[in-house]
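Notes to accompany the following structure.
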Amino acid sequence: MKSVVVFCGSSEGSRPVYAKLGRELGAFLAKRNIRVVYGGSQTGIMGAVADGALENGGEVVGVLPTFLTTREVAHPGITQMITVESMHERKLKMHQLSDGIIALPGGFGTFEELFEMLTWAQLGLHHHPIGLLNVDGYYDHLVAMIDHMNKEGFLRDPFQKMLLSDSLIAGLIGQMENYKIIPGIIQMRADQT
């Protein structure tokens, strides 16, 4: 992986551990010469990820829709800021600039971005590894829901295995670097139509 998009909250959440891990993730990626692509804000976990990468000599690319420039204060120190017109363009541009996807804690926006990338992968539109950095069990309920979707017949085993998860940065990056496209995903999709 040369470039990873990080989806996460524009706020810090209720516990300092979230922003702390965001900063640590940015630093880890920078030390591995992996470019950070993110939403462009200087606030919240988003800002922590960018700061962690920048403090360690990393390259950071932000993608910010014009209508959010007043809500999510653009980070002034990043390597490159790309302005787009819509949230749809934002996700597409972030995807185009990356070859891996990580979700840190966040709200509706983070979940929406994560699930769109999972859906695109399920449809065979990309083969990037997708990971949850499950800080202090933040994503435990989501992982349980995905298990439930599988048990109830709405998500086949290979699609469930597309979503990687770890509580440790090194563990998650290791899984992502060793990710192999699961055989049969595209054929299974064709069988379902």
Select from the range 70-86 the residues that are touching a Pro at 6+ places or on another chain (Cβ under 8 Å) and surrounded by 15 or more Cβ atoms within 10 Å (Cβ to Cβ) and list them in ascending order.
-> T83, V84
When restricted to V135, V63, the only residue more than 13 Å from the chain's Cα centre (by Cα), modelled with pLDDT of 95 or more, surrounded by 17 or more Cβ atoms within 10 Å (Cβ to Cβ) and not basic (K, R) is V63
Please work out which residue is surrounded by the fewest Cβ atoms within 10 Å (Cβ to Cβ), limiting yourself to the range 12-23 and to residues that are in contact with a helix residue (DSSP H, G or I) (Cβ under 6 Å, 6 or more places away or on another chain) and in contact (Cβ under 8 Å) with a residue 60 or more places away in the chain.
-> V17
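The values are calculated or read from the model by the stated rules, or taken from the named source; none is laboratory data. Small disclaimer: the values here were computed from a predicted structure and weren't measured. Virtual Cβ from ideal backbone geometry, glycine too; neighbours counted across all protein chains shown.
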